[in-house]
1. Could you check ASN148 against (1) buried (at least 17 other Cβ atoms within 10 Å of the Cβ); (2) closer than 28 Å to ILE15 by Cα; (3) not aliphatic (A, V, I, L, M) and say which number it fails?
2. When you check GLY164 against the structure, is it over 14 Å from the mean Cα position of the chain (by Cα), over 24 Å from ALA58 (Cα atoms) and surrounded by fewer than 16 Cβ atoms within 10 Å (Cβ to Cβ), yes or no?
3. Give the residue that is farthest from ILE191 (Cα to Cα), with candidates limited to residues of segment 32-45 that are among the acidic types (Asp, Glu) and surrounded by 15 or more Cβ atoms within 10 Å (Cβ to Cβ).
4. Of the conditions (1) free of Cβ contacts under 8 Å to residues at least 60 places away in the same chain; (2) buried (at least 19 other Cβ atoms within 10 Å of the Cβ), ILE191 fails just one. Which one is it?
5. So is PHE18 in a helix (DSSP H, G or I) and either surrounded by 21 or more Cβ atoms within 10 Å (Cβ to Cβ) or among the hydroxyl-bearing types (Ser, Thr, Tyr) (or both) or not?
6. State whether the residues of segment 120-143 include one that is at pLDDT 95 or above, surrounded by 16 or more Cβ atoms within 10 Å (Cβ to Cβ) and more than 19 Å from ILE93 (Cα to Cα).
7. Among the candidates SER195, SER179, SER104, single out the residue that is more than 24 Å from SER25 (Cα to Cα) and at pLDDT 95 or above.
8. Can you give me the number of residues within segment 175-190 that are assigned to a loop (DSSP other than H, G, I, E, B) and touching a helix residue (DSSP H, G or I) at 6+ places or on another chain (Cβ under 7 Å)?
Amino acid sequence: MALLLKTTRFVESQIDTFLDIVSDSATTFQLAVEDYLEGRIEQFEERLAQIREFEHRADDLRVSIERFLYERTLIPENRGDVLAILENTDEVIDNIKDSLLQFSIELPQIPTELNDLWMQTTRASVAAVEQLVFAVRSFFRDLAAVNNYIHKVHFFEREADHIGERLRRLIFGMDIELSRKSQLRFFAIHIEKISDAAQNVCDRLSIYTIKRQL
């Protein structure tokens, strides 16, 4: 029993590190968007490089945890759920990286009058990811608190959608080329999708939580 507890704690420590990377990725994403809107492209590219590194570290850590769980056959009744949580949460980092990568490739020219709503949408999506991290941590430490954080993820996802709609309406009300409107809409939706990815993880997490409570 002592060995089982020790190895289980090791896994939880590794998962904590993984979740730290998810949280750092979300924060870095927000800073990167701020840099881009303010024209600090060199700093933006440095943030993108950080996100790439976070993605690699998260992937390596996830694979390491998965291998450890299978080799040690720990918590077999919950192992599949744990692996699914890690894989789904890892996709959030992928969404974050993909969004910044598209900025780096296309370099869209964003009118300054869009900056406020652009950052509001970004902050709402980042808040959804932050609450997701709390929800996943609670799944391993305080199961009763999971639903509270899931509720907050849903709140910020709806907020991102609401602000994102206002942003897209403002874009299409501007006197600019239709092709540019379409490009800006594409990037606005990419930011909203980060909160969607967080919500998708929480939808599954809610089911895993119910299973553990039975």
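The values are calculated or read from the model by the stated rules, or taken from the named source; none is laboratory data. Predicted model, so just to flag it, every value in this text is computed and none were measured. No Cβ is skipped: glycine too gets one built from the backbone with ideal geometry, and neighbour counts run over all protein chains shown.
1. The one condition ASN148 does not meet is (1).
2. Details: over 14 Å from the mean Cα position of the chain (by Cα): yes; over 24 Å from ALA58 (Cα atoms): yes; surrounded by fewer than 16 Cβ atoms within 10 Å (Cβ to Cβ): no.
No: the conditions fail for GLY164.
3. Filtering segment 32-45 down to residues among the acidic types (Asp, Glu) leaves 34-35, 38, 42, 45.
When the remaining residues are screened for being surrounded by 15 or more Cβ atoms within 10 Å (Cβ to Cβ), the result is 34-35, 45.
On the way: GLU34: 13, ASP35: 15, GLU45: 17 Å.
Only one residue fits best here, namely GLU45.
4. (1)
5. Values: in a helix (DSSP H, G or I): yes; either surrounded by 21 or more Cβ atoms within 10 Å (Cβ to Cβ) or among the hydroxyl-bearing types (Ser, Thr, Tyr) (or both): yes.
Against the criterion (in a helix (DSSP H, G or I) and either surrounded by 21 or more Cβ atoms within 10 Å (Cβ to Cβ) or among the hydroxyl-bearing types (Ser, Thr, Tyr) (or both)), PHE18 qualifies.
6. Scanning segment 120-143, I find at least one residue that is at pLDDT 95 or above, surrounded by 16 or more Cβ atoms within 10 Å (Cβ to Cβ) and more than 19 Å from ILE93 (Cα to Cα), so the answer is yes.
7. Values: SER195 fails: more than 24 Å from SER25 (Cα to Cα); SER104 fails: more than 24 Å from SER25 (Cα to Cα).
Every option except SER179 fails the conditions.
8. Of segment 175-190, the ones assigned to a loop (DSSP other than H, G, I, E, B) are 175-177.
Filter again for touching a helix residue (DSSP H, G or I) at 6+ places or on another chain (Cβ under 7 Å), leaving none.
Count: 0.
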